[in-house]
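Engineer: Have a look at the structure that comes next, please.
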Amino acid sequence: VAGHSLGEYSALCAARAITLSDTARLLRTRGEAMQEAVPVGAGAMAALIGTDIEGAEKAIAETDAALGVCEIANDNAPGQVVVSGAKARVEAVAEASKKHGAKMAKLLAVSAPFHSSLMAPAAATMAGALSETLVKAPVVPLVANVTAREVDAPQEIRDLLVKQVTGRVRWTESVGYMAANGADKFIEIGAGKVLSGLVKRIAKDATIISVGEPADLDAFAKL
């Protein structure tokens with residue numbers, strides 16, 4: 001199993017590594033800590049469509065560092081990279097990315113610059129919260145966002161969840177790792193079909209099912 005960003009907590013809960021009540025408590029703490037880390041309006045995130053990690057890195061490198069932090073937050077799929085950081089720098093990177101393969105750069109409607117070093121205060125808060133949380137080894141293999149590799153040791157799970165607050169979501173690598181290790185069916189559970197669309201672009205030969213409402217259970221049952 002794997003979950004994207006906040007969804008990693010859902011995946012850990014589904015894998016019985018963290019209880020449902022602890023998952024809810026941790027997510028509330030995480031959300032509040034992230035909102036408190038950066039003043040509203042000071043940070044931003046942008047999706048760079050059509051470019052890759054190298055193109056995003058070039059766009060970041062050629063913009064003025066004096067504008068503030070800008071880092072790659074999500075490697076979502078081939079041709080979709082998300083950057084995060086100080087609003088002025090993110091806006092500059094979004095514009096610069098058009099010279100490095102991006103067909104479109106869109107500022108996202110988010111309340112904070114998630115998965116960037118600006119979230120360091122939130123990471124510290126989560127380190128404390130996770131240290132007081134019982135974490136068990138997952139009952140099924142779980143692939144972590146920040147390493148794109150399996151993790152099963154409880155303390156390592158805690159450490160990686162802390163790193164995830166400021167670190168990159170390596171979704172392309174995570175799906176690629178699962179596919180390379182025999183996963184040929186991917187089931188997205190939750191509202192919408194965003195992850196299904198991303199997986200289709202990464203693991204082109206995989207069977208993908210989205211389960212977001214009762215009617216979707218029929219297709220799921222036929223797998």
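Read-outs: derived from the displayed coordinates by stated rules, not from any lab. Everything numeric in this text was worked out from a predicted model, so none of it was measured. Here Cβ is always computed from backbone atoms with ideal geometry, including for glycine, and neighbour counts include all displayed protein chains.
Engineer: Could you say which residue among V199, V165, V169, V194 is surrounded by fewer than 17 Cβ atoms within 10 Å (Cβ to Cβ) and among the β-branched types (V, I, T)?
Structural biologist: V194
Engineer: Give just the number: which of (1) hydrophobic (A, V, I, L, M, F, W, C); (2) out of contact with any Gly (no Cβ under 6 Å at 6 or more places or on another chain); (3) surrounded by fewer than 16 Cβ atoms within 10 Å (Cβ to Cβ) does I208 not satisfy?
Structural biologist: Evaluating I208 over (1) hydrophobic (A, V, I, L, M, F, W, C); (2) out of contact with any Gly (no Cβ under 6 Å at 6 or more places or on another chain); (3) surrounded by fewer than 16 Cβ atoms within 10 Å (Cβ to Cβ) leaves (3) as the failure.
Engineer: Of A73, A37, A46, which residue is touching a residue at least 24 places away in the same chain (Cβ under 8 Å), within 14 Å of V110 (Cβ to Cβ) and in contact with an Asp or Glu (Cβ under 8 Å, 6 or more places away or on another chain)?
Structural biologist: It is A46.
Engineer: Can you tell me which of (1) of a type in the set (A, V, I, L, M, F, W, C); (2) touching a residue at least 24 places away in the same chain (Cβ under 8 Å); (3) touching a helix residue (DSSP H, G or I) at 6+ places or on another chain (Cβ under 7 Å) is the one A88 doesn't meet?
Structural biologist: All conditions pass for A88, except number (2).
Engineer: Which members of the stretch 14-24 meet the condition of being free of Cβ contacts under 8 Å to residues at least 40 places away in the same chain and either among the basic types (K, R) or surrounded by fewer than 17 Cβ atoms within 10 Å (Cβ to Cβ) (or both)?
Structural biologist: Listed by number, the residues that qualify are L20, S21, A24.
Engineer: Return the residues of the stretch 48-71 that are surrounded by fewer than 20 Cβ atoms within 10 Å (Cβ to Cβ), more than 19 Å from the chain's Cα centre (by Cα) and assigned to a helix (DSSP H, G or I); say none if nothing qualifies.
Structural biologist: K58, A61, A65, A66, L67
Residue-by-condition table, conditions (1) in a loop (DSSP other than H, G, I, E, B); (2) buried (at least 20 other Cβ atoms within 10 Å of the Cβ):
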| residue | (1), (2) |
| --- | --- |
| N74 | no, yes |
| S84 | no, yes |
| V90 | no, yes |
| S97 | no, yes |
| H115 | yes, yes |
| L118 | no, yes |
| A123 | no, yes |
| V140 | yes, no |
